[in-house]
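All remarks here apply to the structure that follows.
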Amino acid sequence: MAKPEYISSGSRSYKFDCVSCRKSTINIDVHFRLENDYVELQKHGQWPKLKVKRDEQLEKFFEADADSFEKATMCIANGYGIAAFAYMRRIVESNIHLLLEDISAEVKATEESEEIQASLNSLKNNSPMSQKIVIANKALPVYLKSNGLNPLGTLYKVLSEGVHSLPDEECLARAKDVNSCIKYLVSELGTRKRNRESFPSMIGSI
């Protein structure tokens, strides 16, 4: 019978075998902290690294902020809420102008109302963030508001919020929502642009 291992403060490495395939293994580093009758465990390493699915469309869109986007993606995948939200907020702040340019180009190409175009132009001004949230909620064509929800308004709302007053779980949820909003806008705008550009040649070949 193996001698039991008594827990003490410090770091240890453990090897885990997959019970399904019986082939793959992972090594995990765990740090133990003991204080009276309290035991805290914190994972601080894994090999092989966790494989995280990347969104190629978003990676291309955030090419100038590749490092921050990679960190945000990893934080979301590993459940680090405050860090994930902080990175996503920083990315939105740095790239909101790119979204506005794409949306503005779409509005011009589809001859949407002048009111929407004026609202988009207003978002580029240095007005208070509270005012920008109101404007952003009006600055999208109806077809970009899925089920009446406004992703652009959500993104501007995020820019107005800090991370210090929110619990980790809520930060993680908001980081995921921000990622979904950006993905939706980038995907919809990209698809409509490609379809619009290819349509004349398709008609011409009939």
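The values are calculated or read from the model by the stated rules, or taken from the named source; none is laboratory data. From a predicted model like this one, the values you see are computed outputs, not experimental measurements. Backbone-built Cβ (ideal geometry, glycine too); neighbour counts: all protein chains shown. These accessible areas exclude ligands, DNA and RNA; they are computed on the full protein's heavy atoms, side chains included. Shrake-Rupley method; radii C 1.70, N 1.55, O 1.52, S 1.80 Å.
So what is the relative contact order of the chain, in percent, for Cα pairs below 8 Å that sit 6 or more residues apart?
Here the relative contact order equals 17 percent.
Past 23 Å, Cα to Cα, is the threshold; run K53/K138; K108/K138; K124/K157; K60/K176; K132/K183; K71/K176 against it and keep the listed order.
K53/K138
Got a sec? Which residues in the range 70-88 would a label at K53 touch, if it sits 7 Å along Cα→Cβ and we count backbone N under 17 Å?
Inside the label zone: 73-79.
Filter the GluC sites (Glu not before Pro) in the range 43-148 down to the DSSP loop ones having no more than 13 other Cβ atoms within 10 Å, then list what survives.
E111
Quickly estimate the mean residue ellipticity at 222 nm for the chain, helices only: each DSSP H run with n ≥ 4 gives -39500 (n - 2.57), and the total goes over all residues, rounded to 500.
Helix contribution divided over all residues of the chain: -18000 deg cm²/dmol.
How much solvent-accessible surface does I76 expose, in Å² to the nearest 10, with a 1.4 Å probe and all protein chains in place?
Only protein atoms counted, so the area is about 30 Å².
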